Amino acid sequence: MPSLNEIRSTFLSYFERNGHQVVDSSPLVPRNDPTLMFANSGMVQFKNLFTGVEKRDYTRATTAQKCVRAGGKHNDLDNVGYTARHHTFFEMLGNFSFGDYFKSDAIPFAWELLTKDFGIPKDKLLVTVYHTDDEAASIWKKVAGLSDDKIIRIPTNDNFWMMGPTGPCGPCTEIFYDHGDHIWGGPPGSPDEDGDRFIEIWNLVFMQYEQFEDGTRRELAAQSIDTGMGLERIGALLQGKHDNYDTDLMRDLIEASAHATSTEPDGPGNVHHRVIADHLRSTSFLIADGVSPSNDGRGYVLRRIMRRAMRHAHLLGSQDPVMYRLVPALVTQMGAAYPELRRAQSLIEETLKLEETRFIQTLDRGLRLLDEELARLPEDGDLPGEAAFKLYDTYGFPLDLTQDALREKGRKVDVSGFDAAMAEQRAKARASWAGSGETKESTIWFEIAERIAATEFLGYDTETAEGQV
Ligand code: ATP
Ligand code: MG
Ligand code: MG
Ligand code: MG
């Protein structure tokens, strides 16, 4: 049974053998893109190659890219611990063509790797194509011999990718694995596709057009390929597991978490261990890439993930910092592939320990307040926004932490009440400053406060939009 580390190597050497340059993952903090919080796919570091702004001495590349999806357009934070397939941190394996090969090579590359090198039975695989992309559908039919019912045409944007409002765009094809009818879920495009029976493993994007401001499109002269496959998802499948968290690497972290909290890895504590294992990876990799916990921007996303993990450790009964003790297990698993983890090990441990030590002081009291508030409410009542705001303001509970805590009890936060309480506090602070005469410092203070509020807003807005299950 191949380990995740072996699968990563098999992928990269397969594409290297097929003329691709092996390129290192870029850091999680994008260097060339201020609009993006974290690298969230393999193509991020190659944007300028796809638009033609930059040229390199290779036209084919392959990577294992560190990705974080915990905010903004792609936010999988609320899925972690609950679905079999989502992480906040994961590795995306990809192959890229910059104006080199197109669909008629990209599809056979993927099919050959999956069915020959990885030996996946063909009858477990099915694909989606964009509804108008007859070309992709016929290549699939020819290359893979898939019947029409296994080439599902999807009319939504799930199968049409755009880099932004303008620029390269095109249809995608997604490859799914059927884990069997003992697991709930329907095929892509069906009403219950959100289940975990059919798991998307690989997404191939065909950059075929350029989109202009007036909405028109033109065929690109240099058509390109961008693909992404989650290492943990292909790993689960190749290890005969359904769940990403049952792969060797994740399992090791779950066991480290169980050991550190003197609890069982499976049973009722399992969901907490899953969250802890996932958040350990995202926080450690973010710190290794230079992010430190703070009250705005990237640092606040990091802080939110850390605090969320700490609450789960607390739920396992731990009264002392835990996360920092798990770092050695992570470094053992991933330090060879990502040497920056080894280099930053002591920084990661110190940062986690400091943050945990501080947060533990208010966590207990905050949770007690939360319980008291809930006890006062009618059954199923939403937590008033004011209470959520007090938890945020006095006890340092990020809104999503409170929402996560309530989710287990089937409750929600009144988010608009929370917004109102936040706005009111800001207005009051402004008024009292104005009364005292505006100084330079106070202007700066308000600028900072506004910035914090802006990132906060982004944070919970996307979470409510993407929904609680
Ligand atoms: P899903 O529909 O399952 O959320 P996606 O369509 O959002 O996946 P893509 O943006 O197409 O995912 O990313 C390419 C690949 O990266 C996916 O096919 C999947 O294998 C993997 N992937 C995406 N998001 C995650 C995640 N949160 N955790 C682990 N792997 C992921
Ligand atoms: Mg997704
Ligand atoms: Mg998808
Ligand atoms: Mg996809």
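Observations on the model:
- Under Karplus coefficients 6.51, -1.76 and 1.60, residue-wise ³J(HN,Hα) of region 114-125 in Hz, glycine/proline x: 5, 8, 9, 4, 8, x, 6, x, 4, 6, 8, 9
- Nonlocal amide H pairs with Arg153, under 5 Å, H built at 1.01 Å: Val129
- Among Ala309, Pro328, Ser294 - extreme Cα towards positive end, dipole of region 288-352, charges at beta-carbon: Ala309
- Placing a label point 7 Å from the Cα of Thr216 along the Cα-to-Cβ direction, the residues of region 157-196 whose backbone N falls under 18 Å from that point are 166-169.
- Over 29 Å (Cα to Cα) - which of Lys73/Lys103; Lys47/Lys142; Lys66/Lys141; Lys66/Lys142; Lys116/Lys241 fall in this group: Lys47/Lys142; Lys66/Lys141; Lys66/Lys142
- Under the Karplus curve 6.51 cos²θ - 1.76 cosθ + 1.60, θ = phi - 60°, whole-Hz ³J(HN,Hα) for region 324-334, x wherever Gly or Pro sits: 5, 6, 8, 4, x, 5, 5, 5, 4, 6, 10
- Selection from Met207, Leu4, Ser147, by position along the positive dipole direction of the chain (Cβ): Leu4
- Extension gain for Ser416-Arg17 works out to 138.2 nm (0.36 nm per residue, less the C-alpha to C-alpha distance).
- Net charge dipole size for region 153-203 [Lys, Arg +1 and Asp, Glu -1 on Cβ; Debye, nearest 20]: 260
- Per residue, the accessible area of region 40-157 comes to 39 Å² when a 1.4 Å probe rolls over the protein heavy atoms.
- Counting protein heavy atoms only, region 374-418 has 44 percent of its accessible area on carbon and sulfur, 1.4 angstrom probe.
- For region 413-426, backbone phi angles converted through the Karplus equation (6.51, -1.76, 1.60; θ = phi - 60°) give residue-by-residue couplings of 9, 6, 5, 5, x, 5, 4, 5, 4, 5, 5, 5, 4, 5 Hz, Gly and Pro being listed as x.
- Apportionment of accessible area to carbon and sulfur, region 19-62, percent (1.4 Å): 48
- Cβ-based charge dipole, the chain, positive-most Cα from Ala137, Leu352, Cys172: Leu352
- When only Cα pairs below 8 angstrom with a gap of at least 6 residues are kept, the chain shows a relative contact order of 13 percent.
- Peptide packing for 82-88, 405-411 was compared via the average number of neighbouring C-beta atoms within 10 Å per residue; ordered from the highest value, the list is 82-88, 405-411.
- Take the Cβ atoms of Asp192 and Asp117, set R0 to 35 Å, and the FRET efficiency comes out at 0.65.
- With Cα atoms, 0 to 90° folded angle of helix 345-376 axis to the chain main axis: 60
- Magnitude of the charge dipole, the chain, Cβ model with Lys/Arg +1 and Asp/Glu -1, debye to 20: 940
- For the pair Arg343 and Thr156, label points projected 7 Å from Cα toward Cβ lie 4.2 nm apart.
- Counted residue by residue at 0.36 nm each, then reduced by the alpha carbon distance between them, the extension gain from Arg358 to Ser262 reaches 32.3 nm.
- Accessible-area ranking of Glu193, Glu373, largest first, probe 1.4 Å: Glu193, Glu373
- Region 277-379, dipole about Cα centre (Lys/Arg Cβ +1, Asp/Glu Cβ -1), debye to the nearest 20: 180
- Estimated distance in nm for a label pair at Val53 and Trp184, the labels positioned 7 Å out from Cα along Cα-to-Cβ: 4.5
- For region 259-345, the solvent-accessible area with a 1.4 angstrom probe is 34 square angstrom per residue.
- Those lysines that a straight Cα-Cα span of less than 19 Å connects to Lys390, excepting residues fewer than 8 apart in one chain: Lys412, Lys428
- Among the protein heavy atoms of region 192-265, carbon and sulfur supply 40% of the accessible surface, probe 1.4 Å, non-protein parts ignored.
- Considering the chain, its Cα convex hull presents a mean projected area of 24.7 nm².
- In this structure, Thr35 and Asn270 have a Cβ-Cβ separation that, at R0 = 35 Å, corresponds to a calculated FRET efficiency of about 0.40.
The values are calculated or read from the model by the stated rules, or taken from the named source; none is laboratory data. Quick caveat, the model's predicted, so the values are computed rather than measured. Every residue, glycine as well, gets a Cβ built from its backbone with ideal geometry; the counts of neighbours run over all protein chains shown. Note: areas computed on protein heavy atoms with side chains; ligands, DNA, RNA excluded. Shrake-Rupley method; radii C 1.70, N 1.55, O 1.52, S 1.80 Å.
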